[in-house]
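The values are calculated or read from the model by the stated rules, or taken from the named source; none is laboratory data. Keep in mind it's a predicted model, so treat the numbers as computed, not measured. Every residue, glycine as well, gets a Cβ built from its backbone with ideal geometry; the counts of neighbours run over all protein chains shown.
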Amino acid sequence: MRVSVVHQRGRRRRARYARLLWNGAEVVATLGVVLLLLVAHQLWWTNRQAREGAERKVHALEREWDGEEGGDGETSAGAGEEGGGGRGVPPAGAGNDRSGGGEGRTGSGSPPRWDQAYAVLGIPRLGLRVPVAEGVGKAGVLNKGYVGHYPGTAQPGGVGNFALAGHRNTHGEPFRYLDRLRRGDRVQVETRAAVYTYVVDRTLPRTSPGDGGTIRAIPRSTVKPAYGYTEPAHYLTLTTCTPQYTSTYRLVVWGKLRSVRPR
């Protein structure tokens, strides 16, 4: 009888262990599925939603601008055409302050509202056309797949530094391949009034997120002073996170205004 009792106790103990292992395996499997769903949501669904929304916004801006202009176009004395050997200059009244003046932030002289999309950024090498909105907040701008304009920096075509930020991964990731840009690549910024063509000039592969010198009116890294400029000009700055799937550092691409043409 003692042998039978010992065997029964051993079987019950093994059964409890088996149930614990099974329950643990179910928990691990459930967590794995949840994590996979979260990853799929971040890497696929947010990209799909943001890209579709950004594309719709680009088309909406183009329809709005075309409808207002009525097809008769504008002229601007001295506004250089693309391919003008770098001699193009901003249209008269483009402004000497950091806000850009001239064409104004929305084409009417009034500043854009916070989170308002008011321009389109195009980078032919990357096959990119994406809205530019005021501010760099995640919810109102970046997570929509837009590129955000750093408040306080110049506006398109203005003297100073037209500085932009965009996601490199998830939420449309417009700047995912920003590291592929090379010196001489064109970057176009289209507003209601004009198309501004910048040309990539320099790249800062890695700096700290707090390197505010990169978006100053005369951009120059405060972390790596060898990177940047010393003279006033019409600059463009594009910033994003690096390496991919992290926010440890920032990648910075600088360009200079090449030409301006009426839209």
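Which one of the conditions (1) assigned to a loop (DSSP other than H, G, I, E, B); (2) within 27 Å of residue 131 (Cβ to Cβ); (3) more than 17 Å from the chain's Cα centre (by Cα) does residue 259 fail to meet, given that it meets all the rest?
(1)
Please work out which one of (1) among the charged types (D, E, K, R); (2) touching a Ser or Thr at 6+ places or on another chain (Cβ under 9 Å); (3) closer than 23 Å to residue 259 by Cβ is the condition residue 125 fails and give its number.
Condition (2) is where residue 125 drops out.
Of the residues 107, 135, 93, only one is crowded, with 18+ Cβ neighbours inside 10 Å and at pLDDT below 60; which?
Just one listed residue meets the conditions, 107.
Please count how many residues of segment 179-197 are among the polar types (S, T, N, Q) and either surrounded by fewer than 22 Cβ atoms within 10 Å (Cβ to Cβ) or part of a loop (DSSP other than H, G, I, E, B) (or both).
Total meeting the criteria: 2.
Does residue 222 qualify as being outside any strand (DSSP E or B), of a type in the set (S, T, N, Q) and either under 24 Å from residue 260 (Cβ atoms) or free of Cβ contacts under 8 Å to residues at least 12 places away in the same chain (or both)?
yes
Let's see how each residue does on (1) in contact (Cβ under 8 Å) with a residue 12 or more places away in the chain; (2) within 18 Å of residue 149 (Cβ to Cβ); (3) surrounded by fewer than 22 Cβ atoms within 10 Å (Cβ to Cβ):
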| site | (1), (2), (3) |
| --- | --- |
| 199 | yes, no, yes |
| 202 | yes, no, yes |
| 217 | yes, yes, yes |
| 227 | yes, no, yes |
| 231 | yes, no, yes |
| 234 | yes, yes, no |
| 253 | yes, yes, no |
| 263 | yes, no, yes |
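Among the β-branched types (Val, Ile, Thr), at pLDDT 95 or above, within 19 Å of residue 119 (Cα to Cα) and surrounded by 19 or more Cβ atoms within 10 Å (Cβ to Cβ), is that true of residue 239?
Judged against the criteria, residue 239 is a match.
Filter segment 139-178 for residues that are without any contact (Cβ under 8 Å) to a residue 24 or more places away in the chain and assigned to a loop (DSSP other than H, G, I, E, B); which is surrounded by the most Cβ atoms within 10 Å (Cβ to Cβ)?
Among those that are without any contact (Cβ under 8 Å) to a residue 24 or more places away in the chain and assigned to a loop (DSSP other than H, G, I, E, B), it is 151.
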